[in-house]
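The values are calculated or read from the model by the stated rules, or taken from the named source; none is laboratory data. Everything numeric here is computed off the predicted structure, so don't read it as measured data. Quick reminder, even Gly has a Cβ in these numbers, built from the backbone with ideal geometry, and neighbours come from all protein chains shown. Quick note on the areas: whole protein, heavy atoms, side chains included, nothing else; ligands and nucleic acids left out. Shrake-Rupley method; radii C 1.70, N 1.55, O 1.52, S 1.80 Å.
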Amino acid sequence: VYKRQCPGFTGKGAAQNIRPRTIRHLMQEDAHQIIIPLFQRKYCWSAVQGKKWFPDLCEPVKRNGWNGCHNTGKAIFKRCKMDDGVRDALICVDGQQRLTTTSVLLMSLREVALREQQSSFVKAVDELLFVDANNDGGDDEVNAGQANSRNWRLIPSRADRGTYQRLLCGEDALAFGQVRHASSLQFPENENLMEMKKLMDRLLAECLETTCNDAPSRFSTLERIFRQALDEMYIVVVEILNTVDLSAVFLWLQEKSLLGMGSLLQNLAPG
């Protein structure tokens, strides 16, 4: 059995604030941005995880946890200051896949709402995708171009930023010359991230086609999926309070999952 302890994260001197938080609380209220650090692996969820995760957003919530919400596991963060020295950011040590997948779903919801001219819904989604989202969602050119010049709520690992930007802003936005993370475009596209976006687009389209007969019912379905993804799913947030080497914590978590008792268990419902 794997028993090695992680200095600073376990044992004497370790300090954490552990609390349940809905996805909305975590992404919109706990900090202005969530940053995936350089030592994190690239986004790696495949269609297998996506196909198991999406039904939880379309069907009645499995009310099996805190406040009647659906438990999606724990995630580990360390608080830091943003570049302005005033606002807070959370460095994500564990939980990247769930948060990135949620952001990809929000992109798909946003695109449907833009096509159907649901400006209030677009604005609500923008508040989760961007920091200080302030346009009204009614100008397609603004939505295509300014998305590059506004701060993202979730900052993916550097190798994923080019792909994330293309999905978030669309290829048309790149023509505006407002590429915020131009240095990340040198990396190859992350096929898992691209395929997850295509999968979310397809599953969302199928859901709307099979359950909705008119515009009001389509909008109601969009709102339900949006609400369940953000307000009826929760994560047990572990916020590290003491000074610690975050890359060592990440490595320890990976070793523990590969060499510990967890490696003997099969997770049939990731997320």
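Please work out if VAL48 is assigned to a strand (DSSP E or B) and either out of contact with any Cys (no Cβ under 8 Å at 6 or more places or on another chain) or farther than 20 Å from ILE240 by Cα (or both). It is false that VAL48 is assigned to a strand (DSSP E or B) and either out of contact with any Cys (no Cβ under 8 Å at 6 or more places or on another chain) or farther than 20 Å from ILE240 by Cα (or both). Counting residues in the stretch 162-169 that are of a type in the set (Phe, Trp, Tyr), within 22 Å of TRP45 (Cβ to Cβ), modelled with pLDDT of 90 or more and under 22 Å from the mean Cα position of the chain (by Cα) gives one or more.
Looking across the stretch 68-86, the residues that are at pLDDT 85 or above and either polar (S, T, N, Q) or open to solvent by 20 Å² or more (accessible area, probe 1.4 Å) (or both) come down to ASN71, THR72, GLY73, LYS74, LYS78, ARG79, CYS80, LYS81. One residue is enough: does the stretch 97-110 have a residue meeting the conditions modelled with pLDDT under 95, outside any helix (DSSP H, G or I), within 28 Å of GLU195 (Cβ to Cβ) and not acidic (Asp, Glu)? No, because not a single residue in the stretch 97-110 is modelled with pLDDT under 95, outside any helix (DSSP H, G or I), within 28 Å of GLU195 (Cβ to Cβ) and not acidic (Asp, Glu). Among the residues examined, ARG19 does not qualify as touching an Asp or Glu at 6+ places or on another chain (Cβ under 7 Å), surrounded by fewer than 20 Cβ atoms within 10 Å (Cβ to Cβ) and part of a strand (DSSP E or B).
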